[in-house]
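A.B. asks: Submitted below is the structure of interest, expressed as structure tokens.
Bear in mind these aren't lab numbers, they're just calculated from the coordinates by the rules spelled out. In this text, all values refer to a predicted model and were calculated from it rather than measured experimentally. Neighbour counts are summed over all protein chains in view; Cβ atoms, including those assigned to glycine, are modelled from backbone coordinates with ideal geometry.
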Ligand code: GRF
């Protein structure tokens, strides 16, 4: 399965995915797209000899679809992408476009909930648990069906930064796990909940009306 990754930032999740897509893994990162020419994610892609595309106008759905088409992209991953994906792209990849979010959705999602803001909000809420969520992208941001959630504890004395780092470490396992399971199933796959004190959640795949082979 050819994966297209959209990233605006340092690209550590992209790196985790690239590192997992080796040998006979059923997925490969075929294209990395960024709205920022100076994104660390593009440097990582260059280092891994993965084609890159600079999307100068993030609202240009045709340009993005064209770049995906040229690279044979079959599945799209938003890994720290800080722009809205044009609706035409979300529609074209319905059921095959996922996002990783650094908290347990539906809490701490939506407008303004990105980057360190998320972890600040979790700490301010007094929650003793946070985690990472991978979900399908739909027209409603941060609201698509959840594919996988892995919790991490919030520890006494945590700062937003220390919590971010603990969540990020989990993200680096969770995202490749979802992508590889989806590639093996040839459809967006659900993973069980993993973590201390958590039983197994639902496992399986998501039913999609618009399946592609
Ligand atoms: C991650 O925390 C991801 O969940 C969020 O943005 C961050 C991106 O980090 N959407 P990186 O660029 O992958 O290092």
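A.B. asks: Return the single residue from 79, 20, 92 with maximal mean-square fluctuation; model: Gaussian network over the chain, springs between Cα atoms under 10 Å.
C.D. replies: Residue with maximal mean-square fluctuation among 79, 20, 92: 92.
A.B. asks: Sorting check: for 103-109, 130-136, which peptide has the highest mean count of neighbouring beta carbons within 10 Å, and how do the rest follow? Kindly include the intermediate steps, with their values, before the conclusion.
C.D. replies: Working: 103-109: 19.7, 130-136: 25.0.
By packing density, highest mean first, the sequence is 130-136, 103-109.
A.B. asks: So what does the Cα-only Debye profile of the range 46-190 read at q = 0.14, 0.15 Å⁻¹, as log10 I(q)/I(0), no solvent term?
C.D. replies: Each listed q maps to, in turn, -0.70, -0.80.
A.B. asks: Sorting check: for 151-161, 117-127, 29-39, 6-16, which peptide has the highest mean count of neighbouring beta carbons within 10 Å, and how do the rest follow? Don't skip to the end; give the middle numbers.
C.D. replies: Working: 151-161: 14.0, 117-127: 16.3, 29-39: 20.7, 6-16: 22.5.
Ranked by mean Cβ neighbours within 10 Å, highest first: 6-16, 29-39, 117-127, 151-161.
A.B. asks: Continuing with the same structure: Once you put a point 7 Å from the Cα of residue 91 and another 7 Å from the Cα of residue 155, both along the Cβ direction, what distance in nm separates them?
C.D. replies: 4.8
A.B. asks: Counting helices only, and only those DSSP H runs with n ≥ 4, report the 222 nm mean residue ellipticity of the chain as the sum of -39,500 (n - 2.57) divided by its residues, in deg cm²/dmol to the nearest 500. Intermediate values should be presented prior to the final figure.
C.D. replies: Values: 6 runs with 69 residues, N = 213.
The helix-only estimate for the chain comes to -10000 deg cm²/dmol at 222 nm.
A.B. asks: Something else: Calculated FRET efficiency, residue 129 and residue 62, Cβ-Cβ r, R0 41 Å, to nearest 0.05? Intermediate results must be reported in sequence, preceding the final value.
C.D. replies: Working: r = 42 Å, r/R0 = 1.02.
Efficiency computed from Cβ-Cβ geometry: 0.45.
A.B. asks: Let me ask something else about it. With an 8 Å cut-off on Cα pairs and a minimum separation of 6 or more residues, tell me the relative contact order of the chain in percent.
C.D. replies: 18
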